[in-house]
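To start, the structure itself, in C-alpha cells.
Since every read-out is calculated from the coordinates, none of them should be taken as a lab result. This structure is a prediction, so every number in the text was calculated from the model and none was measured. Cβ placement follows ideal geometry from the backbone for every residue including glycine, while neighbour counts extend to all protein chains displayed.
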Ligand SMILES: [Fe+2]
C-alpha cells in the first residue's frame, strides 16, 4: 500500500506516534547508551563531510566507543541523495559487519541511513521499491535499527517512516516508505545545530514551516496532527527569526528542532500542493528543498484559502497576519524577506520556459493528494507563475 493510502485503505483512521525522543543540550552524548539497547558490537555512522568538519560526528563516535561499540563512519553524501551514494553506504555497512545505523546530519544523512538498512535486507531496485508503485510490500516488517540525530531543523526525518532518493534510471526524486524504516530513537540536541549558517537555517526552517502548514490544511480527520502542526507553527513563528538573527541562541535552536520534528509528526496526515511544486524544482534545477517550499508556499496558501478559509486565517494569525483575504500569504512573504530569502523563483534561475515541464512533473508527484483543493496541471502552471 502506498504512503497516501496507508491511512485510507481501511474504514477507520490510523494515528501513530511511536518514536522514543531524547531532547536537550548535550543529549547526543547519550547516543552510545541508546544504541546499546539495539546492537551489541558494530554500527555504521552515516553523516556528511560538513558534519565531520564541524566535529559533530566525533562527538557521537566518542559516545559509541564509551559504550563499547565499534563504529565505522560513512560520509559520502550530497544534499540530495542519489542511488549511487546509497549503494556506497550499503557496501560500507556490509564491509563493517554493522548491525544498525546511526545518522548524524540533515535529511540526507537520515534518509540514506534508512535506505541502507532497507538495502541490507532487500535486493530489488529502488525503482521497484517506489512507494507510488506500492513498493512497500517488498520491505520487511522488521529492519536493522536506525538512530537519528538531526543537525538541521527541517525535514523531521528523524521520526519519519519515509526516505527520498533520486533514482538513477528515472532521474526522479522517489519516496521509499515502510513503517519498519522508522528510527528506533531520535536524539534532538540543539548544540549540534548551533554552527549551521543563517542561509541553510532559514531554508530548512521554512521546510519545517511548510510541513506544519500543509499538514494543518491537508484534508482528512486528524485532530492530533492538527494540534501538533499548530504548536509547531507557534514555535517556528517565535524561533525561526531568532535563530536566523543569532545562530548561537540555544533555546531557539531547541525550539526549531522540536518544530521540525512536530512538522514530520503532523504530516502523516498528508502534505499538499507546495511539496508537489517544490520536488521538481529540486530534482530538475537543484534548488534547495526548503528554499523551493518557501518560494511556492504563499501562492499555494492563497490558492487553498478559497476552500479552507478558517484554517488559513488561524494559521496566518500565528504569523501576525491581518485577518483579511490573502493575509496569511502576505505574512509568509514578509517572513521570507525577513529571513533574507529571494522574493520569487525567477531570482533562483527559473524561467517561464521551465514551467510547462515542471507543472507536468508536479502533477505526477504524490504529495498533492493531501491538498484540500484538487490541483490540475493548469493549476500547477498558475501556481508556478504566481511564484515567479
Ligand atoms: Fe519537506
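Some points to look at:
- Ellipticity estimate at 222 nm from DSSP helix runs (n ≥ 4, -39,500 (n - 2.57)) divided over the chain, nearest 500: -15000 deg cm²/dmol
- Fluctuation leader among 365, 123, 226 - the chain, Gaussian network, Cα springs under 10 angstrom: 123
- The calculated FRET efficiency for the pair residue 325 and residue 231, based on their C-beta separation and a Förster distance of 22 Å, comes to about 0.30.
- Two-decimal Rg to Rh for the range 171-329 - Kirkwood Rh, Cα set: 0.96
- Exposure proxy ranking for 296, 375, 328, based on other Cβ atoms within 10 angstrom of each Cβ and starting from the fewest, stands as 375, 296, 328.
- For the range 231-293, relative contact order (Cα pairs under 8 Å, six or more residues apart, normalised by length) works out to 26 percent.
- Here, the range 97-243 yields an orientationally averaged convex hull projection of 10.1 nm² when only Cα atoms define the hull.
- With Cα atoms as the point set, the radius of gyration and Dmax of the range 1-130 evaluate to 16.2, 50 Å.
- The convex hull around the C-alpha trace of the range 90-162, projected and averaged over every direction, spans 4.9 square nanometres.
- Which of 363, 345 has the fewest Cβ neighbours within 10 Å, and the rest in rising order: 363, 345
- Percent RCO, i.e. relative contact order, over the range 325-388, from Cα pairs under 8 Å lying at least 6 residues apart: 34
- Between 0 and 90°, nearest 10: helix 56-66 axis offset from the chain longest Cα axis: 40
- Size descriptor, Kirkwood hydrodynamic radius, that averages inverse alpha-carbon separations across the range 275-384, Å: 14.3
- Neighbour counts of C-beta atoms inside 10 Å place 380, 23 in the sequence 23, 380, starting with the fewest.
- Taking the DSSP bridge list for the chain and keeping only pairs wholly inside it, about 20 percent are antiparallel.
- Size descriptor, Kirkwood hydrodynamic radius, that averages inverse alpha-carbon separations across the range 72-122, Å: 10.7
- For the chain, the longest principal axis of the C-alpha atoms and the axis of helix 83-96 are separated by about 20°.
- Size descriptors for the chain (Cα atoms only): Rg and Dmax, in that order, 19.7, 60 Å.
- In the range 221-304, one over the average inverse separation of all distinct C-alpha pairs is 13.9 Å, which is the Kirkwood hydrodynamic radius.
- Divided by 2.2 N^0.38 Å, where N counts the residues, the Cα radius of gyration of the range 247-289 comes to 1.51.
- For the range 173-224, the C-alpha radius of gyration sits at 1.50 times the compact-globule guess of 2.2 N^0.38 Å, with N the residue count.
- Across the chain, C-alpha contacts under 8 Å between residues 6 or more apart give a mean separation that, scaled by the residue count, equals a relative contact order of 15 percent.
- Along its principal axes, the range 315-357 has C-alpha extents of 36, 23, 12 angstrom, given from the largest down.
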